[in-house]
Amino acid sequence: MSEKDMSYAAVLARKGDIIKASAGIDFAQFERGALSFDYEGMLASTGFDIKTVESVQRDVSVGATPVIELRNMTALARAFAQAGKGARIFIKDEAANPSGSFKDRRASMAAYQAKKLGYKGVIAATSGNFGAAVASQAAARGLKCIIVQECYDSRMVGQPEIIEKARKCEAFGAEVVQTTVGPELFYQSLRLLEETGFFSASLYSPFGILGMETLGFELARQMKERTGKFPDAVVATHAGGGNVTGTARGLAKAGCATQVIGASVNLEGLHMASDRAFNRKSFTTGHTGFGVPFAMWPDRSDVPRSAARPLRYLDRYVTVSQGEVFYMTELLASLEGLERGPAGNTSLAAAFALAQEMDADQTIVVQETEYTGAGKHVQPQLSFAIANGIEVFSGDPKDEIPGRNIVLPKTPGQMRASEVDLGKLRRSLIATAVQGCAKKVEDYDIQFLAAETRLGAEKVCKIIDEITGGNE
């Protein structure tokens, strides 16, 4: 019998079968119409309600993390706000989870499902905190674990933050397979899934999103108990969309109709698959290189239909600069005695600016923190940037040009949150969906796009007519 063809083209051609076997889900059963699918049906098919998820997570010490009021940070924001302005700032301290981030919530459900279905191990493709979370949860469930990590440029130079995360994965007993930037990551993960028969611990599976709902649910209840009301705004760092999606769904299940704001680091102009750009950025997640394209087309992920659908849940979307996040990281440590990593501090930088727009009797919550470590600290990150030709200086963050410089604010008063036009992103999602559709768009598809974009069916039809010239 001839051996299976493991070339890049052949493995990618088998993608559908590999994902079906490794995800424990037949995504095809949820397809509807020309371009739509049964989103809620896909989530419900797992059989997990929020009480069950909470129970699963309690068994492995995930969740029930504290909410902390940042009184000194609030006082500083009020010093730069108009009279009567300056909302109280809180954070949900997800660094208290076993591997040190909210990703444990997503990984806990993947590991539980893998064990339940009889898989011997799990595989995740990630250079972020999710790898450490999957490795941690695999260890807790007695499963083998392989993390495929996009780590190096073509010179075999890796960022300090990514190297730190590899170390953490290995500490939990995982095998770490490191790749260079580009299509190798997806190819290697598919190949390993096929060779090992392990479970695919995808960030974008229904299990990952349902695991995140407990964060929003807990946050809402904690703030109601703490302040007597639900928060007025919740800020979530946005990359692939799962953080926003799961948190917003959990808030809604708690009866909390707060404003959900996504925040990303502005890396405009840097292509995430570019070898040259790979080490000219100082953030591996929570940036616009993921946040914008995944908002415009969620199904670019490693599963056929992503359960992370950010435009269904975002009320606002803002960006901050790299320099502002580094500055906020040091402010949090020096003002509040909390040393945390950059992902959550992206949202905190945004929240600090947004709090100044809000009334003093309102509350704003940063819904996650992450652990920090040797490679995540400000100094190694900035030293690495300088070594790669990035100019670092103090000034006005509005002058920062991603890939060219990092500008640290001179004063907290220079912190800003820049608005992203959600209308443009919604229009782009509709355009991508319609232009990539070979069949006639039906009423069911219009309703699906209306839900995806939070636009009425009439508005969706008008946009489609503008895109197609009325020929759809």
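The values are calculated or read from the model by the stated rules, or taken from the named source; none is laboratory data. What you see is a predicted model; the values in this text were computed from it and never measured. For neighbour counting, all protein chains shown are included, and Cβ atoms are generated from backbone atoms with ideal geometry for every residue, glycine included. Note: accessible area is taken over every heavy atom of the protein model, side chains too, but ligands, DNA and RNA are not part of it. Shrake-Rupley method; radii C 1.70, N 1.55, O 1.52, S 1.80 Å.
Structure notes:
- Heavy-atom accessible surface of the range 186-269: percent carbon and sulfur, 1.4 Å: 47
- 19 Å Cα cut-off, lysine pairs counted over the range 102-198 (separation 8 or more, or different chains): 9
- Rounded, prolate or oblate (a/c below 1.5 giving rounded, otherwise prolate when a/b exceeds b/c) for the range 215-359 by Cα gyration tensor: oblate
- Under 5 Å between amide hydrogens, built in the peptide plane, is the criterion, and for Val392 it picks out Ile406 among residues at least 5 positions away or on other chains.
- Note, ³J(HN,Hα) from phi for the range 124-129, Karplus 6.51, -1.76, 1.60, rounded to Hz, x at Gly and Pro: 9, 9, 6, 9, x, 5
- DSSP loop trypsin sites (Lys or Arg not before Pro) with at most 13 other Cβ within 10 Å: longest gap in the chain: 230-403
- Portion, in percent, of the accessible area of the range 1-137 that falls on carbon or sulfur, probe 1.4 Å: 49
- Under 16 Å from the Cα of Lys253 - lysines, other chains or at least 8 residues apart: Lys51, Lys224, Lys229
- Three-way shape call for the range 29-102 based on the alpha-carbon gyration tensor, with the a/c threshold at 1.5: oblate
- Solvent-accessible area, 1.4 Å probe, carbon plus sulfur percent, for the range 369-438: 50
- Computed about the Cα centre, the dipole magnitude for the chain is approximately 480 debye when only Lys and Arg (+1) and Asp and Glu (-1) carry charge, each at its Cβ.
- With N the number of residues in the range 111-170, Rg(Cα) / (2.2 N^0.38 Å) evaluates to 1.21.
- In terms of its alpha-carbon gyration tensor, the range 110-251 comes out prolate; a/c meets the 1.5 threshold, and the first ratio a/b outweighs b/c.
- Each label point was placed 7 Å from the Cα along the Cα-to-Cβ direction; for Thr52 and Lys424 their separation is 4.2 nm.
- Coil-residue GluC sites (Glu not before Pro) of the range 419-455, DSSP, other Cβ within 10 Å capped at 15: Glu442
- The length gained on full extension between Asp361 and Ala457, counted as 0.36 nm times the residue separation minus their Cα-Cα distance, comes to 30.8 nm.
- Kirkwood Rh in Å, taken over all unlike Cα pairs in the chain: 22.6
- In the full protein context, the range 292-364 carries 26 Å² of accessible surface per residue, based on a 1.4 Å probe and ignoring ligands, DNA and RNA.
- Lys, Arg +1 and Asp, Glu -1 on Cβ, resulting dipole of the range 83-227 about Cα centre, debye, nearest 20: 580
- Kirkwood-Stokes translational diffusion coefficient of the range 342-472, alpha-carbon pairs, 20 °C, 1.002 mPa s, µm²/s: 114
- Å² of accessible area per residue within the range 28-148, as computed with a 1.4 Å probe and no ligands counted: 36
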